[in-house]
Structures are given as C-alpha cells and as structure tokens.
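Structure, as structure tokens:
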Amino acid sequence: MSNLLVSKNKYRSKKMRKLLLYITVVSSLGTILFLSYLAPQAEANKFFTESNSLLKLAQNADADITPFSCALYMAEKIKDAYYKPWMLTEVAVKYAQAKLEEKALLILASAYQQAKEIKDNHYQADALSEVAKGYTKIGQYDQAFAIIETIDDAYFKANVLIQMAEEYVQAECKEKALSILSQAYGIAETIKSFYPRSRVLAEVAVKYARAGDTSKAFKIAEVIEDVSSRSYALAEIAVKYAEIGEEKQALKITKTIDEVFHKARALTKIAAVLSQGEKKKEAQEALSYAHRLSKKIKDISEASQVLAEIGVVYRKMGEEAKASQVLSEALKVVKTIRSAYAKPSALAKVVLKYIEAGLYKEALEIAETIEDVYYRPRMLAEVALEYARDGEKAKASLILSEALDITKKIPSAFYKAWALAEIAAKYTEAKVEVDGRTRKILHEIIREFNH
C-alpha cells in the first residue's frame with residue numbers, strides 16, 4: 001500500500017483534475033462521464049467491455065481467466081445495491097496493489113456510480129465512504145476529497161479522513177496527516193450518537209499518536225466516553241510512547257486502561273518493543289504480566305488472540321519453549337469456542353500469529369481445520385505466501401490452488417468475490433504463475449456459481 005502512495009503524484013495530472021471536475025460539478029454522474037477523463041469514447045467503454053468479456057468466461061474454456069478477473073466477475077454478480085459498490089471497491093484496491101492501476105480506476109468509477117444510485121441516504125453515505133476510502137488507499141486523494149464533499153453524514157465523512165491520515169502516515173507525510181486529522185477531529189465532535197462518536201474519536205487519537213503527536217492523542221483519548229473505545233485508544237498510544245523510547249510513560253498509561261483485553265495487548269506490544277533493545281528483563285516482566293491478565297479476559301476469542309500475540313513475542317525473544325507453550329494454550333482456548341461464527345475468525349487470528357512466529361507448517365495444519373469456507377481459503381493463501389517467500393513456489397502454488405477450489409463452496413457472490421480478491425492478491429505477492437490447473441478451477445468456480 002505504501003509503495004502505491006509513494007507514486008501518488010503520477011496520477012495528479014490534468015486527466016485527474018478533469019475527473020475531479022466531473023465529480024464536483026455534476027451531481028448525477030453516469031459512469032461514462034466519470035470515466036471520460038481517460039480519452040475518447042472507446043476508452044470510456046473499457047470497463048463495460050471487460051465486464052461483458054467476463055460474462056463469457058463460463059462458456060469459453062479458452063478465455064484468458066485470472067483470479068483477479070474471476071473476483072471482478074463475482075463482484076459484478078452481487079445483487080444487493082449496498083454490498084456491490086463496497087465489494088467492487090475491495091476488488092479495485094487489490095487490482096491497484098497488483099500494479100493494475102488503470103483497471104482499478106475503472107472499477108472504482110463503476111463502484112462510485114452504483115453507490116450514488118442507492119436510495120437510502122444512510123446506506124448511500126456508507127457506500128460512498130467505502131469508495132472514497134478505496135481511492136485513498138491507492139493514493140487518489142483528490143477523488144476521495146471530492147466524494148467526501150458529497151457525504152452529509154459526519155460519521156462516514158470522518159472515517160474517510162481517518163483512513164486518509166493513515167495513508168499519509170504510512171507514506172511518512174506526517175504534517176499532511178496531522179492536517180487531515182484536525183479536520184477529522186472537528187467533524188467527529190459533531191457526531192451526536194454516543195458510541196459512533198467514541199469509536200471515531202478513538203481512531204482519531206490513535207492516528208494522532210502514529211503521526212507523532214502523542215500529547216494531543218492522549219488528551220483526546222482520556223476523555224472518550226465509551227470504555228472500550230477509550231481503552232483501545234490508550235493502549236495504542238501507550239505502545240507509541242514505548243516506540244519513541246518513553247517506556248515509563250507507556251507503562252504509566254497502561255495503568256489507566258480499564259478493559260483487560262486492551263491492557264494485556266498493550267503490555268504485549270510494549271514488551272515486543274523493549275525486547276528489541278537492551279531491556280530484556282523489563283520486556284519479560286511486561287510479557288509475564290500480560291500472560292497473567294489473559295486469564296481474566298472473559299471473551300474466549302479475545303483471550304486466545306492475546307495468548308497468540310504473547311507467544312509470538314516469546315518466540316522473537318528466543319524463548320522457543322515458552323513460545324510453544326503459550327501458542328498451544330491459545331489454540332486450546334480457541335477450540336473451546338462454541339459459536340460457529342466466532343470460532344473461524346478466532347482460528348484465523350491464531351493462524352496469522354503462527355505465521356508471524358515463522359511456524360508455517362503448524363499454521364497450515366491449523367488453517368486446514370477451519371470449517372468455514374470463507375476463512376479457510378483466505379488463511380491457506382496467507383500460508384502459501386510465506387512458503388513462496390521461503391522459495392517453495394511449487395508448495396505455494398498447490399496451497400493456492402486448494403484455496404481457490406474451496407471458494408467454490410462459498411454460496412454468496414459477495415463473500416466469494418472477497419475471498420477470490422484476497423487469493424488473487426497472494427498470487428501476485430507470491431509471484432506464483434496462474435497455470436492451467438488454476439485456470440481450470442477458476443472456470444469451474446464460475447460455472448458452478450451460474451448453475
């Protein structure tokens with residue numbers, strides 16, 4: 001993502017300014033008008049031509065199909081007026097991250113148009129904010145700002161600005177991030193509902209810390225009304241203090257965190273920071289305290305998450321026996337979850353931590369146990385990427401094919417598109433070739449969905 005932001009000036013051309021003019025001046029944009037910055041009419045029809053070619057994939061076994069085109073096909077099949085622009089945006093961002101920027105812009109243009117057609121004001125604002133975030137994620141800030149101007153809802157408007165600030169922080173444009181955050185903060189304070197206001201203020205505080213203004217971040221965080229949101233913000237701010245070398249202030253802030261889950265996570269992250277320097281003893285003390293606190297977390301999913309994070313830090317500190325013990329404890333806790341909804345999500349988080357710990361074989365074994373057909377392929381793709389990075393491209397290719405094959409079982413076009421987009425991104429990151437076996441699976445995915 002940050003690589004895309006570094007090259008954002010590439011897009012700030014006369015063509016982009018013309019696009020901005022279309023957005024701000026024309027209240028009801030047709031997709032062709034929105035795309036006409038590209039060139040003549042033939043260029044404006046590119047998205048439609050591509051969409052039409054995708055419709056033929058199920059019948060044409062020789063068509064040039066890729067995980068990306070399959071994800072886009074599924075996104076186009078979504079019937080729900082709200083979810084379709086949301087997923088088109090997700091797919092577009094993945095296209096951009098794979099250096100397919102022109103197609104990404106075409107897809108985002110369609111997402112914008114479809115979001116504008118949503119009748120309900122609340123859902124329209126939500127969908128438009130997601131599209132604006134999509135533009136932000138690929139460095140298209142002018143377009144994002146233009147869409148923000150059309151959103152009346154303070155909550156959604158502030159969230160887009162927060163995302164934009166995060167992108168600027170990642171690109172190390174911290175002054176710009178602070179300027180954006182000032183706008184977001186002002187808007188956030190106008191949100192009337194208690195919980196949404198607290199959530200947004202928490203994110204604003206966290207982004208202020210990441211942008212380097214920890215003092216401002218703490219002042220905002222300490223007066224947030226919702227306990228959970230306040231605890232989250234204070235935890236992240238404490239970690240930032242540790243990162244800039246203010247260990248005492250970091251630990252002092254952890255004492256003000258009310259929720260045990262966020263306090264334990266903060267101590268774990270602080271321990272990770274301290275372990276990188278010459279404060280191994282302090283790191284071990286913080287980690288030991290976090291481990292004790294994990295026993296007090298009532299939510300099983302949250303407890304397993306904290307334990308997995310603690311295990312990763314122990315492993316990075318070279319304490320492999322302790323790491324193995326705590327990671328196993330995390331997995332054991334997850335297996336006690338009864339909820340069919342919560343368990344796959346919790347297992348996925350544990351898989352990611354095993355990957356972070358460098359335990360790819362174990363991560364693969366856990367991923368294979370996930371019954372949910374949405375989470376399992378995504379986690380398999382995550383493991384495949386690590387095998388590819390270790391030079392085992394053949395193994396990675398097999399795992400990615402397995403992940404694709406599982407997506408056939410996802411009944412919803414929305415979730416199928418989401419999983420396919422994630423897997424497509426891993427093919428690109430892993431530099432794994434889309435071979436005949438992969439194309440066959442992709443054709444089967446489309447055929448089976450249509451039947």
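All of the numbers you see were taken from the coordinates with simple rules; none came from a lab. Small disclaimer: the values here were computed from a predicted structure and weren't measured. With ideal geometry, Cβ positions are generated from the backbone for all residues, glycine too; neighbour counts draw on all protein chains shown.
Remarks
- Straight-line reach from residue 137: taking Cα to Cα under 17 Å and skipping same-chain neighbours fewer than 8 places apart, the lysines in range are 8, 10, 94, 99, 103, 157, 174, 176, 207.
- Note, ³J(HN,Hα) from phi for segment 279-285, Karplus 6.51, -1.76, 1.60, rounded to Hz, x at Gly and Pro: 10, 5, 5, 5, 5, 5, 5
- Its convex hull of Cα atoms gives segment 84-151 a direction-averaged projected area, equal to a quarter of the hull surface, of 3.7 nm².
- Cα centroid separation - segment 82-123 against segment 395-431, whole Å: 20 Å
- Options 198, 161, 290, ranked by Cα towards positive dipole end of the chain, top entry (Cβ charges): 290
- Once the convex hull of all Cα atoms in the chain is built, its volume per residue stands at 150 Å³.
- Of the GluC sites (Glu not before Pro) found in segment 325-391, those that fall in a DSSP loop while having at most 15 other beta-carbon atoms within 10 Å are 371.
- Loop GluC sites (Glu not before Pro), segment 407-451 (other Cβ atoms within 10 Å of the site Cβ: 14 or fewer; DSSP): 433
- Rounded if a/c under 1.5, otherwise prolate or oblate - segment 134-243, Cα gyration tensor axes: oblate
- Nearest-0.05 FRET efficiency for residue 295 and residue 316, computed from C-beta distance (R0 25 Å): 0.65
- Debye equation applied to the C-alpha atoms of segment 283-352, log10 I(q)/I(0) at 0.14, 0.18 Å⁻¹: -0.38, -0.61
- Across the chain, C-alpha contacts under 8 Å between residues 6 or more apart give a mean separation that, scaled by the residue count, equals a relative contact order of 14 percent.
- Among the listed pairs 216/248; 295/393; 322/349, a Cα-Cα separation exceeding 29 Å is found for 295/393.
- Take the Cα of residue 368, step 7 Å toward its Cβ, do the same at residue 244, and the gap between the two points is 4.8 nm.
- At R0 = 22 Å, FRET efficiency that the Cβ-Cβ distance of residue 325 and residue 390 yields, to 0.05: 0.30
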